[in-house]
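Data first, discussion second: the structure below is written as structure tokens.
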Amino acid sequence: MKRNTLLIADDVLINRELLKDIFEGKFNILEASNGEEAIQILDEKKDEIVLLFLDLIMPKKDGLEVMKHMVLNGMMDTIPVIMITGEATVESDVKAYELGASDIIYKPFEPAVVTRRTQNIIELFEHRISIENELEIRTQELYESKKKLEQSNDFLINALSSVVEFRSLESGEHIQRVKKFTKIILRHWKVLHTEDQLTDEQIELMVNASALHDIGKIAIPDSILLKPGKLTEEEYAEMKKHTIYGCKMLENFKQEENEFYRYCYNICRYHHERYDGRGYPDGLKGDAIPICAQVVSVADVYDALVSKRVYKNSFTIEDAIRMIHDGECGIFSPKLLECFDDAKEDLIEATEKEQQTMKE
């Protein structure tokens, strides 16, 4: 079905009417008077909307928050956004373009200019989508072959990581929760830190690699791994070696030096490093710790706090978040804590769903 609907999101009625007069008869027109209404319409009508006119300053949620929602929900690839504003700054313009805005038009606007720029953007998006659809058809066989390989890799990863879970007497769901929390945080990292240029494919690779973060525990003696009480200094020193053991195992499994292997290695070795250099095994400090390892680290700590283990009861979600912020589980980078805060609502929702499932 050909999309033919324009969404105009602006809290000023006269601005909506001006745009409506320009395009009425050429497109179906939907209107939103604030950011929350715009998000609701986008969620309901995303497959029909061909372009969004988006005001920067609106009540409830502003234009940048609407665009952030679109990025998080994969809408920016199919719905071009023209930001309309009379109160723009260089900072807001840069942020709008970083989030994926196709154009910025300043009020008051000239109807002929708006019409031409709108048509150009729609035609450009439709042309790009057409090319992508053709490319997708031509590469379908390759894609299916790749999926089969990924499924085989996923099976192997889950099988290996499950060995760790059952040996250490932790919940078999721990790995899936860490993967889920890692994905949530990485999605927010992509939006907040566009300078890192994370792609969706890289995020998926990191999420899958996170399942092997504790693979080295296979090599830890049962007397240490299964000890219900506090470890001695010597025992703790041996436990910390699981990061090294895991990397040696990965090197034995390695078939080629590719991006996925590097994520697996970095996560396995560095997920206990801390921003202040007091982590292990290498005492890495600051941004020397790979992003993938940083994110898995906080996801692992968060799950450990909110989950019941043989040696401790679970903490409340609120206490877990506070402990992470207060540095009770080691120091995390400001960028990571910013993402953790930004993702807090999604993390809480995912955690509550997991806890409810366990009760049932």
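Each reported figure results from applying straightforward, stated rules to the coordinates on display, with no laboratory input. What you see is a predicted model, and the numbers here were worked out from it, not measured in a lab. No Cβ is skipped: glycine too gets one built from the backbone with ideal geometry, and neighbour counts run over all protein chains shown.
Cβ under 14 Å from Ile14's Cβ, Ile14 left aside: what net charge do those residues give with Lys, Arg +1 and Asp, Glu -1?
On the way: positive: Arg16, Lys20, Lys107; negative: Asp10, Asp11, Glu17, Asp21, Glu31, Asp55.
Computed value for this residue: -3.
Working from Cα positions, state the angle (0 to 90°, nearest 10) between the long axis of helix 200-209 and the longest principal axis of the chain.
Its long axis makes an angle of about 10 degrees.
How much of the DSSP bridge set in the chain is antiparallel, in percent, rounded to the nearest 5?
Of the beta bridges lying entirely in the chain, close to 5 percent run antiparallel.
Go through Lys46/Lys180; Lys68/Lys180; Lys179/Lys285; Lys26/Lys190 and tell me which ones have a Cα-Cα distance over 32 Å in this structure.
Lys26/Lys190
Round to the nearest 10 and give me the degree value, 0 to 90, for the angle of helix 63-72's Cα axis relative to the longest principal axis of the chain.
50
Distance from the Cα centre of segment 311-342 to that of segment 188-223, in angstrom?
Taking the Cα centre of each part, segment 311-342 and segment 188-223 sit 18 Å apart.
Principal axis extents for segment 10-105, Cα atoms only, whole Å, descending order, please.
Projected onto its principal axes, the Cα set of segment 10-105 covers 35, 28, 23 Å.
Determine, for Thr182, Thr89, Thr118, the number of other Cβ atoms within 10 Å of each Cβ, and report the residues in order from fewest to most. Intermediate results must be reported in sequence, preceding the final value.
Numbers: Thr182 27, Thr89 10, Thr118 24.
Ascending number of Cβ neighbours within 10 Å: Thr89, Thr118, Thr182.
Quick check: net charge around Tyr106, other residues with Cβ under 14 Å of its Cβ, Lys/Arg +1 and Asp/Glu -1?
Working: positive: Lys107, Arg117; negative: Asp10, Asp55, Glu87, Asp93, Asp103, Glu110.
Result for the neighbourhood of Tyr106: -4.
Quick check: net charge around Leu250, other residues with Cβ under 11 Å of its Cβ, Lys/Arg +1 and Asp/Glu -1? Before the final figure, lay out the partial values.
Values: positive: Lys248, Lys254, Arg262, Arg269; negative: Glu251.
So the surrounding residues net to +3.
Return one number: the angle in degrees, 0 to 90 and rounded to the nearest 10, between the long axis of the Cα atoms of helix 90-99 and the longest principal axis of the Cα atoms of the chain.
70
Find the Rg to Rh ratio for segment 222-359, where Rh is the Kirkwood radius over alpha-carbon pairs and Rg uses the same atoms.
On the way: Rg = 16.1 Å, Rh = 16.4 Å.
Using only Cα positions, Rg/Rh for segment 222-359 is 0.98.
On average, how much area does the Cα convex hull of segment 189-261 cover when viewed from any direction, in nm²?
Details: hull surface 28.3 nm².
Quarter of the Cα hull surface area: 7.1 nm².
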